[in-house]
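Written out below as structure tokens is the structure these notes cover.
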Amino acid sequence: MLKHSNFSRIIIGDEVKSIEEDTFNNFADLEYLHIGKGIESLENQSFSGCSNIACVDISDLSKWFEMDHYYGLNYRINRNEVNFTINDTPILLEGDIILPDGISKIGNQAFYGNSRITNVHIPNSAKSIGEYAFYDCNELTNANIPDSVTSIGKCAFSSNSLENATIGTGCIYIDYGAFENCSNLKSIYCKPTIPPAVYYDYYKASYNVTVRAFPPSAKIYVPRHSLSYYMQYSSSIYGEAAQTNWSKYVSQIEPYDFE
């Protein structure tokens, strides 16, 4: 960790690949940060406690969203005010978020706790959505997951205000709690012809609860010609820890004619 914390501007050059744990911890005067295109990882709490930061300028936003953030800038530092700028054009972490083409992964906790996001456009280049990626984004009302995404991580969309969700044709695995605690979620449009592996039961002994992939309030619309598969599917794709359990959701499944 650096000894002096009274910097208002910090520029991290393109040659820097990693920022170590606690490096900029409690830099209370920091207002502007530039991150070069060479950054590949951020260690835990590398920028924790920087409560006055107002602008983060990131050279390669595509790479940024593929990191597993955990204590990343976009939700751990003044989460309601931080913005990204690319070529002097701000992308605020609020309202309608358009992710850049080319990203292959939305990293773990990438948008964790961003309370002002209302919609996120995920590009067709994305292959996976990480754990807790959109957890507690309590103004997020819609999730449109493109056909390119093959896996949805643990609690990826949990605990927000989703009303509708669409799962693209390429999805093969949905981890436990992916859409749990979304009390407003009424419709899930699940487009894969072959039912994805769904982790249904995860018993949290410390809380005496069972975590489900989908809330019981949601109707799950599946391709009409695949209805029987969704009703009966029980084979294991990812091993014992992630067996398909569509039969547990039989009362929520409805046939649908996708275009």
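The values are calculated or read from the model by the stated rules, or taken from the named source; none is laboratory data. Fair warning: this is a prediction, and the values are worked out from it, not measured in the lab. All Cβ positions, even for glycine, are placed from backbone atoms using ideal geometry, and neighbour counts span all protein chains on display. Side chains included, ligands, DNA and RNA excluded: accessible areas come from the protein's heavy atoms. Shrake-Rupley method; radii C 1.70, N 1.55, O 1.52, S 1.80 Å.
Got at least one residue in region 236-246 being closer than 17 Å to TYR135 by Cβ, surrounded by fewer than 15 Cβ atoms within 10 Å (Cβ to Cβ) and modelled with pLDDT under 90? Checked region 236-246: no residue is closer than 17 Å to TYR135 by Cβ, surrounded by fewer than 15 Cβ atoms within 10 Å (Cβ to Cβ) and modelled with pLDDT under 90.
Quick grid of which residues meet (1) among the acidic types (Asp, Glu); (2) within 21 Å of PRO100 (Cβ to Cβ):
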{"residue": "ASP22", "(1), (2)": "yes, no"}
{"residue": "ASN26", "(1), (2)": "no, no"}
{"residue": "HIS34", "(1), (2)": "no, yes"}
{"residue": "ILE39", "(1), (2)": "no, yes"}
{"residue": "SER48", "(1), (2)": "no, no"}
{"residue": "ILE58", "(1), (2)": "no, yes"}
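In the set (1) at pLDDT 80 or above; (2) more than 23 Å from the chain's Cα centre (by Cα); (3) open to solvent by 10 Å² or more (accessible area, probe 1.4 Å), the condition left unmet by THR89 is number (1).
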